[in-house]
Structure formats: structure tokens, C-alpha cells
Amino acid sequence: MFLGPFVRCSSAAEGPFFITYTHQMEEPGNLEISFKGVTAGQDGGERFLGVADEFEYGIKGWWTTEVYLDGQTTTGENALFTGFRWENRFRILPREHWINPVAYVEFEDLNGADKSLLEVVGHDAKADLGEPNGLTRREKQREIETKLILSSYFKGWTLAENLIAEKNVSHAPYEFGYAVGISRPLALEARPEPCSLCRENFQAGLEVYGGLGTQPHFGLFQTSHYVAPTLAWALANGTLFRISPGFGVTATSARFLLRFSVTYEIQQFGRAARRIFRDGQ
Amino acid sequence: MRLILFTLWLAVLSFAIADTRKGTLVQQAPPQYVQLPNPYGVNEAAARAGSKLYLRECAACHGEDAHGIGKAPPLVIQDVTRAAPGALFWVLRNGSLSRGMPSYAHLPEAQRWQIVTYLKRLR
């Protein structure tokens with residue numbers, strides 16, 4: 001990489017979660033690049049692969065911004081770009097507390113064929129995933145999504161709760177959702193010697209997420225919910241692998257989702273980029 | 001609307017209070033943290049583990065030799081080397097958003113104490 005001489009990678013320290021956010025912010029100047037995928041065999045439909053390329057940058061200690069580029073491919077149909085998301089997270093309290101709130105605001109400009117499934121809200125259902133791309137790609141989804149992120153660290157455990165409210169900018173009701181996650185490293189102490197397969201580099205957890213209906217029909221009726229164990233493995237060179245099989249627990253949920261991701265964090269990317277443009281180094 | 005305004009006011013107030021505290025970041029550690037003993041003491045293995053963690057988490061800003069880079073201060077100064085281990089532990093836990101020092105609360109306590117053990121050996 002052209003920035004190689006200037007930057008070092010760190011172990012991407014975020015937890016094993018795919019859907020649930022914690023209050024951990026990206027370090028100022030760091031750039032995290034992530035490829036997230038989700039696949040499922042549709043009940044009565046075709047298998048698909050939804051992908052999201054994520055670029056996360058720490059602007060300030062209290063402000064993290066991210067851009068996602070989404071796409072998908074479905075068996076028997078073309079692969080297509082489905083749109084982008086721009087999200088911002090703001091840490092509300094400067095110090096660590098027993099519970100730590102973060103405000104989250106996201107703008108999405110996607111089409112109806114998007115299958116990256118980065119959240120489940122409202123009455124999202126498996127039937128949405130089975131519709132042909134030719135039909136759904138014409139449907140525009142410009143939405144504002146807000147989240148209240150609450151999380152805590154306690155004796156090595158991470159516990160996070162997210163409350164989600166999403167609103168299509170055109171005339172549509174608010175949709176609500178939630179995500180809850182708990183995780184822990186397999187070892188709390190670091191070993192003195194460098195290692196890749198030692199327990200400290202693995203984190204295991206469990207996520208539960210789903211929809212809570214819409215403003216006029218708030219509740220659990222005809223909503224999708226998933227229970228998903230997760231596992232993360234951080235390599236010493238800064239690469240983080242994550243995998244999570246998710247199991248739908250209601251009739252409207254997809255029966256099985258398999259999520260996976262590869263993440264690479266470049267420390268002090270901002271400083272290195274500034275130096276290149278300023279000094280031509 | 002009132003609730004949103006109150007939350008924003010509370011956030012601004014808490015940032016303001018945090019930023020008006022006098023002294024260096026280490027000196028801002030509350031007494032109950034300053035008194036905390038390092039469970040690893042001068043343990044050699046813990047210091048080596050701390051060195052590994054330092055290179056992974058801290059060296060990009062503070063330098064591999066801990067002499068600081070840019071706005072990130074050096075750590076081989078008396079403020080750090082003479083600081084109580086508990087004070088350093090508190091800094092790692094909380095960071096300082098206004099000074100660009102991130103919180104390392106996501107690291108397990110044991111790993112933060114291992115970093116402190118390493119920092120206390122810096123000269």
C-alpha cells in the first residue's frame with residue numbers, strides 16, 4: 001500500500017458484533033476498512049450474497065464517521081450496486097461510566113434490492129429478500145436512521161444495547177428495531193510473546209436483534225428476530241476476521257443467515273495522508 | 001424536544017467540566033484510582049506482555065520509543081514515570097476526548113494493567 005512506510009496497523013479492536021454497536025469510537029486519525037457479507041438460502045427463493053464495504057474514520061475522539069457501499073448478487077440474477085450509507089456516531093459523555101451513551105445518525109440512499117441487512121427494523125421479513133432484483137431495484141429508499149447506543153464494559157464483558165428508529169424521508173411511518181449484544185475475549189490477560197492463535201485474540205459473543213414494528217403498529221406482531229452467536233479473531237498484523245451464524249426465531253424471519261467480515265485498521269492514516277499531500281513524501 | 005435539548009445541554013456541560021480540570025491528564029486521576037495497586041507489580045512477564053500491547057495500541061501515536069509523535073506527548077517524562085500506577089490505569093480507562101487520547105476501556109482490565117506495568121519501566 002502506498003502509505004506503507006508511514007502507517008502501522010493495529011489489531012482492529014472492535015468486538016465480534018455485526019449489528020450491535022458499542023460506545024467504542026474509532027481512534028482519531030485511524031481508518032478502518034471492512035468487507036461485510038451476509039448470505040442465506042431463501043425459503044422458496046434464490047440464494048443471495050449481500051455485501052457492504054465499510055470505511056470508518058475517527059475525526060475526533062467523540063466523532064466517528066463511516067461510509068458504506070452496498071451491493072448484492074442473487075443466484076440466477078445480475079450482481080448490482082444497491083447504494084450507499086453515511087453514518088456518524090457522537091459520544092455524549094467524555095468519561096467512562098457504568099453505562100455509556102452514543103448518538104448515531106445515518107443517511108441511507110439505497111434501492112429496494114439491498115440485502116446487506118445491517119439492521120432489522122419495522123416489519124422487515126424474509127419475503128422482502130425473495131423478490132426479484134429487476135422489480136426491487138426500481139424502489140428508492142432514502143432513509144434517516146437514528147440509534148441510541150448504550151454499552152458497558154464490566155470485568156472483561158461487553159454488554160451493548162441499541163434502540164433504532166428509521167424514517168423514510170418520503171411519506172412513511174417511523175420503523176423501530178433493537179439490537180443487544182454480549183461478548184468477552186477468551187482470555188483476559190495478554191501473553192508475553194507475539195502469537196496469532198492464543199486465546200486473547202479471540203472474542204466470542206451473542207447478538208439478538210429484530211424489528212419492533214412501525215409507529216402505527218408498534219410491537220412484536222409480524223416482526224423478524226434473530227439470535228446470532230459471533231466469533232472474532234484478531235491477527236497481530238491488524239486484520240480482524242468475524243463470523244456469525246444467525247437463526248431466525250419467528251415465522252417472518254429468514255431461517256438462517258451467515259454473516260462474515262474481514263477488517264483492517266490503518267493507524268494514523270490521517271496524519272500520513274496529510275504528510276503526503278503537504279510534503280510530497 | 002425538551003428532553004433532546006436537556007440531553008444536549010448535559011453533554012456540553014459534562015465536556016466543559018471535564019475540560020476545565022487543572023493539570024495534566026495523569027494529575028486529574030481521582031484519589032480512589034491513584035490508590036489502586038498494580039496487581040502485577042514489577043512482574044517481568046506482565047511487562048513484556050505490556051510491551052506487546054503498547055506496540056499494538058499506543059506506539060502509532062506515542063512512538064515505539066515512547067518519545068511522542070506530533071501532538072501525542074512523550075511518555076518518558078516524570079509525569080508518567082513517577083505517576084501512581086492507578087493514575088495511569090485511570091488515564092487508559094478514560095482517555096481524554098478533548099486531547100485526542102482515546103479510551104482503552106475496551107481492553108480487559110488485566111491488559112490495561114499490563115500496559116501500566118510496561119509504562120512504569122520506561123526511562
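Is the shape of the range A:217-281 rounded, prolate or oblate, going by the alpha carbon gyration tensor and its root eigenvalues a ≥ b ≥ c, with a/c under 1.5 for rounded and a/b larger than b/c for prolate? Let's see the in-between values first.
Working: a/c = 5.45, a/b = 2.43, b/c = 2.24.
Prolate is the answer for the range A:217-281, as a/c is 1.5 or above and a/b outweighs b/c.
Under the shape rule built on the C-alpha gyration tensor, where the axes satisfy a ≥ b ≥ c, the range A:146-281 is oblate, since a/c reaches at least 1.5 while a/b does not exceed b/c.
Ordering A:228, A:127, A:41 by Cα displacement along the dipole of chain A toward the positive end leaves A:228 in first place; charges were set at the Cβ atoms of Lys, Arg (+1) and Asp, Glu (-1). In the range A:154-196, the ratio of gyration radius to Kirkwood radius, Rg to Rh, stands at 1.34 when only Cα atoms are counted.
Only Cα pairs within less than 10 Å get springs; with that Gaussian network setup on chain A, which residue of A:86, A:98, A:63 has the largest fluctuation? Between A:86, A:98, A:63, it is A:98 that shows the largest mean-square fluctuation.
Using θ = phi - 60° in the Karplus curve 6.51 cos²θ - 1.76 cosθ + 1.60, the 3J(HN,Hα) couplings for the range B:80-95 round to 9, 5, 9, 6, 5, x, x, 5, 5, 4, 5, 4, 5, 5, 9, x Hz; x is entered for Gly and Pro. May I ask which residue of A:174, A:65, A:269 lies farthest towards the positive end of the charge dipole of chain A, with charges of +1 (Lys, Arg) and -1 (Asp, Glu) on Cβ and the Cα centre as origin? Sorting the options by dipole projection puts first A:269. If a spin label sat at a point 7 angstrom from the Cα of residue A:107 along the line to its beta carbon, the backbone N atoms of the range A:148-168 nearer than 18 Å would be those of A:166-168. Computed from label points 7 Å out along Cα-Cβ, the spacing between residue A:206 and residue A:191 is 2.8 nm. Relative to the longest principal axis of the Cα atoms of chain A, the long axis of helix A:269-279 lies at roughly 60 degrees.
Dividing the summed helix terms, -39500 (n - 2.57) for each DSSP H run of n ≥ 4, by the number of residues in the protein assembly as shown produces a 222 nm estimate of -5500 deg cm²/dmol to the nearest 500. Loop-located GluC sites (Glu not before Pro) in the range A:129-169 (DSSP state not H, G, I, E or B) with no more than 12 neighbouring Cβ atoms inside 10 Å: A:139.
Residues of chain A were split at every exposed loop site, defined as trypsin sites (Lys or Arg not before Pro) in a DSSP loop with at most 15 other C-beta atoms within 10 angstrom, and the longest piece left, sites excluded, is A:156-254. For residue A:168 and residue A:275, the FRET efficiency from 1/(1 + (r/R0)^6), where r spans their Cβ atoms and R0 equals 60 Å, is about 0.90. Using the Cβ of residue B:88 as centre and a radius below 11 Å, the other residues enclosed give a net charge of +3, where K and R count +1 and D and E count -1.
Remark: the protein assembly as shown carries a charge dipole of roughly 1500 debye about the Cα centre, counting +1 on each Lys and Arg Cβ and -1 on each Asp and Glu Cβ.
Per residue, the convex hull spanned by the Cα atoms of the protein assembly as shown measures out at 155 cubic angstrom.
We did not get these values from a lab; they are worked out from the coordinates using the rules stated. Keep in mind the model is a prediction, meaning the values are calculated, not measured. Heads up, the Cβs are rebuilt from the backbone with ideal geometry, glycines too, and the neighbour counts pull from every protein chain shown.
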